[in-house]
Amino acid sequence: MTLDAGQRRAFAALADVLIPASGPMPSAAEAGVPDALVDQALGYRPDLSDAFIRALASCSGADPEAALGQLAADSPDQFEALTVLTAGAYFLSTRVKAALSYTPPPRPAHEDTDTYVDMLAEVVDRGFPNRCDRPTKDSR
Amino acid sequence: MNIRQAPQDTDVLIVGAGPAGGVAALELATRGFRVVCLEQGDWTLPDDFSGGKPGWELTRLKQWHPSPNVRSAASDYPIDSGDTPVEPLMFNGVGGSTIMFSGHWVRAMPSDFRVRTLDGVAEDWPFGYADLRPFYDEVTHHIGASGLEGDPAYPDSHSFPLPPLPIGKYGLAAAKGMDKLGWHWWPAPNAIASRKFKNRDACLRYGACESGCPVGAKASADFTHWREAIDAGAVLVTGARVRQLTVDNRGLVTGAEFIDRDGTLRYQAAEVTVLAANGVGTPRLLLNSTSARFPDGLANSSGLVGKRLMIHPYASVYGSYADELESWYGPAGQSLQSMQFYETDTDRGFVRGAKWNLMPTGGPLAQTLWEPGQDWREAFGPAFHDRLRRNFGRRAEWGITTEDLPEEHNEVILDPSATDSDGIPGVKLDYTIGANTERMLEFHVERAVEAHLAAGATSVERIPIVRDSGWHLLGTARMGSDPATSVVGEHGRTHDVPNLFIIDGSVFVTSTGVNPTATIMAIALRAMRHLADNRLNQTAAV
Ligand SMILES: Cc1cc2nc3c(=O)[nH]c(=O)nc-3n(C[C@H](O)[C@H](O)[C@H](O)COP(=O)(O)OP(=O)(O)OC[C@H]3O[C@@H](n4cnc5c(N)ncnc54)[C@H](O)[C@@H]3O)c2cc1C
């Protein structure tokens, strides 16, 4: 599914209200969300396209903040579709990923027992407030 | 109606290719039985899953969601959950729900099998921890669980074939908090390979366990059992949805009618039938298998088929921390577990207890979702970045699995108003959280808040009951020695039909307070080994 020019304009008007710029983080529009990224997100979630298009139609032409407030209250499924796709598209952006400055997986599952082995000795020393039903050799 | 015959000369028919069915197929095929399994879903391969790919966080909310009602795939069947506070979760395909399970590999405690004796509630199991222990050990080593021997919460020092997975920075922070309080914790056991094991690669910490492991590191039953069972001669038919079990005039089960991928009705005969369709799928099939001889459904003279559903109501307490804790890394999977409040202390106002698991919190999208009912400005606008900064990589979950007690009004019933893609009735769940469990949840949530604060959390969020948490489906065809008050005996044979067995979580007498799959597989192995050992005495349909 692709957005027509009017729909894309309507979405662009909402996107930066939903995700403005903040510190190192770009706004949704700066990250390219209303361009190719929302198309990519819709590709992953075609099931949301109807509710998304309806959300754009509901908000079209209105003051974005007021329209979003109304949408969240009156049509939660549309607001959810709109925001899941907007945020989902946002995190697809390479600019956003760079600004988040983290190392995503994969990462090898190296053992880290050495970081807590001393603490574990204390856990063992504390023992366990177990009850009297420990199995013994000759009973259950 | 024209029914096509499937392969003849089958000793044992298994319904359901999850871990319980896998244990049965491997045990029986290697012991020389001719085994056929009918599975309504398909195979999945690690590449099919979205974990580690750009679309992961979006598709895990739909295509790889653990609720069949959300996924609505052709292999799923409708479950009306409108009258339960907990959404039932499962996966229908080869490997069953272990395709999506988190891999918490926890054995039950000795007290779990004796709650009537110890706490005066529900019933004792027909066997105890010591009887099950060799089967726990065998399954744990077969599937390649990762963990550390010596957890003082257990009466015995059981071992793991693989070293524990990393607890991560957030695990270390939480462990320090538990130490301040003097509470029990242990690096958690997981059914996830920390190193290469048999046909599985080592975990790469994608944290996508619950939407299918993209590495093939998780011990899902397709890897741990089905490939080996097929090598041993078991025949696994996928896209085969069983509609009804059939019986002869002696009251023996003779096989199953099923609908194949092309919509053709077929018939599979067998001398013995084993149900492994899970705590919802098994009662569904039994209740749908009515006949003149069994008007209330098969094996249901006790009236207990579908009743006593237990689902482990689950609470989450999230802590946000000032430090970067890399809580986007898996496994998910559990980092730590705690049994501090597992055993009964009547001063708390309830009996039994809960197991805690510390878990990571996923990728950035998971931190920024809006919840219906929430003011949009709490999630979007400037708040979007505040939440992201506060939570991404800095948030950890203490999850609380509570032991709910069996109550007959909690049940799975047939729902002819909704049918699956083959026209077979779906089910409806009627389930309410019991008063004992309500009190248990309240107590545990407050203790988990204390655990986070002791670990240095700057804020905590309580979710007293997580709706999407019905991953443990138990108790709907309980075990026992009295045919009037139970459906199967201790080795899974139904009291009413001597060549019909049930080996999934339906047979649980009580729910235990731990994740059930290690117990389900140990019970299935014990049952199927008993069947194989006693094959000469086993009644069979001809
Ligand atoms: C998201 C999630 C997380 C979980 N995490 C954990 C965890 O961390 N630890 C833990 O111990 N457990 C966990 N579980 C539970 C665990 O997956 C189950 O306990 C386990 O898979 C049950 O095994 P089973 O073989 O009895 O049933 P299942 O694994 O559910 O398999 C049943 C199979 O039967 C098939 N079937 C049903 N009806 C029919 C029919 N009519 N015809 C043909 N085939 C049929 C289904 O398609 C399915 O493949 C989790 C589950 C989920 C969904």
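Read-outs: derived from the displayed coordinates by stated rules, not from any lab. Predicted, not measured: the structure shown is a model, and the values here were computed from it. For neighbour counting, all protein chains shown are included, and Cβ atoms are generated from backbone atoms with ideal geometry for every residue, glycine included.
Observations, loosely collected:
- Among B:G381, B:A193, B:A20 the positive-end extreme of the charge dipole of the protein assembly as shown (Cβ point charges): B:A193
- Antiparallel bridges, percent of DSSP beta bridges restricted to the protein assembly as shown (to nearest 5): 70
- Dipole magnitude for region B:253-298: computed about the Cα centre from +1 point charges on Lys and Arg Cβ and -1 point charges on Asp and Glu Cβ, it is near 80 debye.
- Here's the list of aspartates and glutamates a cross-link from B:K62 could span, going by alpha-carbon distance under 12 Å and ignoring same-chain residues fewer than 8 apart: A:D47.
- Here the sum of -39500 (n - 2.57) over DSSP H runs of 4 or more residues, divided by the residues of the protein assembly as shown, equals -8500 deg cm²/dmol at 222 nm, to the nearest 500.
- Highest-first arrangement of B:492-505, B:329-342, where packing means the average Cβ count within 10 Å: B:329-342, B:492-505
- For B:13-22, mean number of other protein chain Cβ atoms within 10 Å: 0
- Sorted peptide list for B:406-414, B:436-444, A:42-50, criterion being average Cβ within 10 angstrom, highest first: B:436-444, B:406-414, A:42-50
- Of B:L405, B:M521, B:L298, farthest towards positive along the dipole that unit charges on Lys, Arg, Asp, Glu beta carbons give chain B: B:M521
- Each principal axis of the Cα atoms in the protein assembly as shown has its own extent, and those three values, largest first, are 75, 66, 45 angstrom.
- What you get for the protein assembly as shown, charging only the Cβ of Lys and Arg (+1) and of Asp and Glu (-1), is a dipole of about 960 debye around the Cα centre.
- Normalised contact order of region A:5-100, rounded percent, pairs of Cα under 8 Å and 6 or more residues apart: 36
- When the charge dipole of chain B is built from unit charges on Cβ atoms (+1 for Lys and Arg, -1 for Asp and Glu) and taken about the Cα centre, the candidate among B:I143, B:S81, B:T494 whose Cα reaches farthest toward its positive end is B:I143.
- Taking packing as the residue-averaged number of other Cβ atoms within 10 angstrom, the listed peptides B:357-367, B:448-458, B:10-20, B:382-392 run from highest to lowest as B:10-20, B:357-367, B:448-458, B:382-392.
- Global geometry of region B:403-517, whether rounded, prolate or oblate, following the gyration tensor of its Cα atoms and the 1.5 cut on a/c: prolate
- Exercise: per-residue mean of other protein chain Cβ atoms within 10 Å, A:87-99: 4
- Excluding same-chain neighbours fewer than eight residues apart, the lysines reachable from B:K180 by a Cα-Cα span under 20 Å are B:K169, B:K355.
- Using Cβ point charges alone (K and R +1, D and E -1), the dipole size of region A:1-119 about the Cα centre works out to roughly 420 debye.
- Per-residue mean of foreign Cβ neighbours for B:363-375 is 5 (Cβ atoms of other chains, 10 Å radius).
- Look at where the Cα atoms of region B:95-172 and of region B:17-62 average out, and the two centres are 22 Å apart.
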